[in-house]
Amino acid sequence: MSIIIETEDVTKVYQMGQVQIHALRGVSLIVHQGEMLAIMGSSGSGKSTLMNVLGCLDEPTSGRYSLEGMDVSSLTKNQYADIRNQRIGFVFQVFNLLPRTSALENVELPLFYDRTGHIKDPMRKSRAALERVGLGDRLDHEPNQLSGGERQRVAIARALVNQPSILLADEPTGNLDTRTSIDVMTVFQDLNDQGMTVILVTHEFDIAAYAARVVKLRDGVIIQDAAVEGRRDAKRDLVAFENKDSEDRDMMGHDGEPAFFTGHGLRVTSPPQQTDVSTCETDSEEEKII
Amino acid sequence: MMPIRNLLKAAYRSITKNRLRSLLTSLGIIIGVSAVIIMVAIGEGSQKSIEEQITALGSNLIIVFPGGSRMGGVHRGAGSRQSLTLDDVKDLEDQATLIDGISPVVSSAGQVVGGGNNWNTSIVGVSPQYLSIRDWPLKYGQMFTETDVRSRKKVALLGQTVADELFGGQDPTGEKIRIVNTPFTIIGVLAEKGQNPMGRDEDDTILAPSTTVLYRLKGGRNYVNMINLSAVSLEAMDAAQEEVRTILRSSHRLDPVEEDDFSIRNQADITEAATATMQTMTLLLGAVAAVSLVVGGIGIMNIMMVTVTERTREIGIRLAIGARGSDVLTQFLTEAVVLSLIGGLVGILMAFGASFVLNTFTPIRALIQPGIVLLAFFFAGTVGVLFGFFPARKAAALNPIDALHYE
């Protein structure tokens, strides 16, 4: 499988007043076409910075980054904008849909800025993208008429509409309840099954468990990069969750997370070094506030 | 560049999705544009009213007097020489193009007897066009005709004062009178005109055909006291005056070096002065209103600035999904311009409404000129570009990451 992302010793230094912040201290990462990858790490680990660099929202201070074989380490702002438009689909934690704008119009937005001129019928394309995420019947709904899960699906449709090579999702389930999170993960897994490269940034092990590979960052360096052992299937979990949910309702008064979900750790094959799972989890609670 | 269609679509969406904000934003422009138009319209309206009042006094009137005679280097004043004749009137009638009414004025005076009374008054010989030149309507009867002039018919129109003195206010049409022992038939009475600017009673007069006065009352001499003309329009006044001068000089066979043997007067100077005053006033009103348009523009800038801050996240989204800085700039600029132009259109409609109300329910007269409407609309667009640019540039300069995480 072809390499879609290749970073080589990428660093990123922010100047905050007098202080220099080394957000990335030499990250080398290779992602192949069709992979589903989760980037994990605590607050300040540099995972968001890495995400911004991979998404061409930010340029690395040093190091090389090639996307689909093209060196994108230092391009002009406009070239970055075009890459974001053509090759990258973003999904955010807070959905970032335009308010008072129908789902269809939201999904159309990237096509607005398409300069290749090959978009003949943006409306049809947007509709197709919404159908792909299972929202073919919600075209005219505005964000406030949609549930959280549906909003995130609209955001995914928007990310997909211009047929990008990678889908970058930054905490895509951060604002969703457990059931909806699993629901959204079915969409990502579906897309991944269809060949889309998906990169998730998350701090939840349960979510990372739906990816095939986990890259863990700490203090701006990769401390772990491994395949997920026993990758979860979102569709099956959803069915299980719904059964459990109805059982809970039958039992009345039972509350809290479904039992099968709690305490479930993330198992990865042959960790290169000892992963401090507990630290990661406590830190990640802070990150949730952002 | 995004296609203009997409830009307009984006602007349209943004504007219609925030109706109240859009309305408030363009309110300044609406008020500014309508204020400019209505202020200038009121200025123009007053100017027109004053012009009409002056015209009613006969401001299209051009008066030709016989020239002052010179005896041994001593000027003896205008009218002291009889240099104007009915032939001059005929020449002017034949040649002048900027004149639509012409009448000789042949003055006489004498005792008038009729209705059992007698009265001493002035008898003025004129042409049938005299009444329209002087803008002087009839109270009773009709004006005499060209045929009457040619046949030197003994018909007369009485001024109100004469009619009152002789017939006590009754309609004397058809009655006979004797003017300096010559019998005349009364064919009408002039409407009351009042005093002229010099305080003379304009109604104490009798009008008769110029030829009748000239040949039956004054003993057959061809000289006229003055010639009254009306120019086709107020604007054509100077040209008409020059034309009259040229025609008269050529019919008097004057060498280029010779002075005119007649003099021409008109009331255009008064009109000009009045018009100039009104124009200054219109300009002043317009300038004050233009200030409000600029303030409206600042209002747009103000709200656009707030909008940019408020929509930072939206800008972040747009940048993240591939909008270039220039796209964001043009989008915001387009929004500002569209808002101003919509404000301009609404302002124009409001100005028309206000002018209708003023003209219908108040004595104030508003006259909307197409030029000022276009100018105000254009100005509104310019204000949109100027004041929209700064916020738009601010929006375009945003960093996508910061904008996305803006709370």
Could you work out the relative contact order of the range B:61-266, using alpha carbon pairs under 8 angstrom and six or more residues apart, expressed as a whole percent?
34 percent
Please report B:Asp238, B:Asp94 as a ranked list, fewest other C-beta atoms within 10 angstrom at the top and most at the bottom.
B:Asp94, B:Asp238
Can you list the lysines whose alpha carbon sits under 22 Å from that of A:Lys12, skipping same-chain ones fewer than 8 residues off?
A:Lys47, A:Lys77, A:Lys216
State the antiparallel share, in %, of DSSP beta bridges confined to the protein assembly as shown, rounding to the nearest 5.
70 percent
With the Cα gyration tensor of chain A giving a ≥ b ≥ c as the square roots of its eigenvalues, does the rule (a/c under 1.5 for rounded; else a/b larger than b/c for prolate; else oblate) give rounded, prolate or oblate?
oblate
In deg cm²/dmol and to the nearest 500, what is the mean residue ellipticity at 222 nm of chain B if only DSSP H runs of at least 4 residues count, each as -39500 (n - 2.57), divided by the residue total?
-18000 deg cm²/dmol
Hey, which lysines would be in cross-link range of B:Lys218, C-alpha to C-alpha under 17 Å, not counting anything within fewer than 8 residues on its own chain?
B:Lys153, B:Lys154
Overall form of the range A:114-221 per C-alpha gyration tensor (a/c, 1.5; a/b vs b/c)
oblate
Straight-line reach from A:Lys120: which lysines have Cα under 20 Å away, leaving out those fewer than 8 places along the same chain?
B:Lys9
Contour minus Cα-Cα span, B:Thr277 to B:Leu345, at 0.36 nm per residue, comes to 21.4 nm
Relative contact order, percent, of chain A when contacts are C-alpha pairs under 8 Å separated by at least 6 residues?
23 percent
Put in order of increasing Cβ neighbours within 10 Å, starting from the fewest, B:Arg19, A:Arg84, A:Arg213, B:Arg13 give B:Arg19, B:Arg13, A:Arg213, A:Arg84
Exercise: per-residue mean of other protein chain Cβ atoms within 10 Å, B:202-212
0
Taking A:182-192, A:62-72, A:153-163 and ranking on average Cβ neighbours within 10 Å, highest first, one gets A:153-163, A:182-192, A:62-72
Between A:Asp140 and A:Ser62, what length comes free when the chain is fully extended (0.36 nm per residue of separation minus the Cα-Cα distance, one decimal in nm)?
23.6 nm
Using only the alpha carbon atoms of chain B, find the Kirkwood hydrodynamic radius as the inverse mean reciprocal pair distance, in angstroms to one decimal.
26.6 Å
Would the protein assembly as shown count as rounded, prolate or oblate if I go by the C-alpha gyration tensor, calling it rounded below 1.5 in a/c and otherwise prolate when a/b exceeds b/c, oblate otherwise?
prolate
For chain A, what proportion of DSSP beta bridges, expressed in % and rounded to the nearest 5, is antiparallel?
60 percent
Report the GluC sites (Glu not before Pro) located in the range B:128-232 that are in a DSSP loop and have at most 12 other Cβ atoms inside 10 Å of their Cβ, or state none.
none
How high is the relative contact order of chain B, given as a whole-number percent (alpha carbon pairs under 8 Å, six or more residues apart)?
29 percent
Evaluate peptide A:57-65: per residue, the Cβ atoms of other protein chains within 10 Å of its Cβ; return the mean as an integer.
1
How shielded is B:309-321 by partner chains, expressed as the average number of their Cβ atoms within 10 Å of its Cβ atoms?
5
Per the Kirkwood formula over distinct C-alpha pairs, the hydrodynamic radius of the range B:61-266 in angstrom is 17.7 Å
Check: the range B:302-361 dipole with +1 on Lys, Arg Cβ and -1 on Asp, Glu Cβ, in debye:
100 debye
For A:Phe92, the residues 5 or more places away or on another chain with a placed amide H closer than 5 Å to its own amide H are A:Asp170
Calculate, in nm to one decimal, what B:Val291 and B:Lys176 gain on full extension: separation in residues at 0.36 nm each, minus their alpha carbon distance.
34.6 nm
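Read-outs throughout are calculated quantities, based only on the coordinates presented, and are distinct from any laboratory measurement. Because the structure is predicted, anything quoted here is derived from the model rather than measured. FYI the Cβ positions are ideal-geometry reconstructions off the backbone, even for glycines, and counts take in every protein chain you see.
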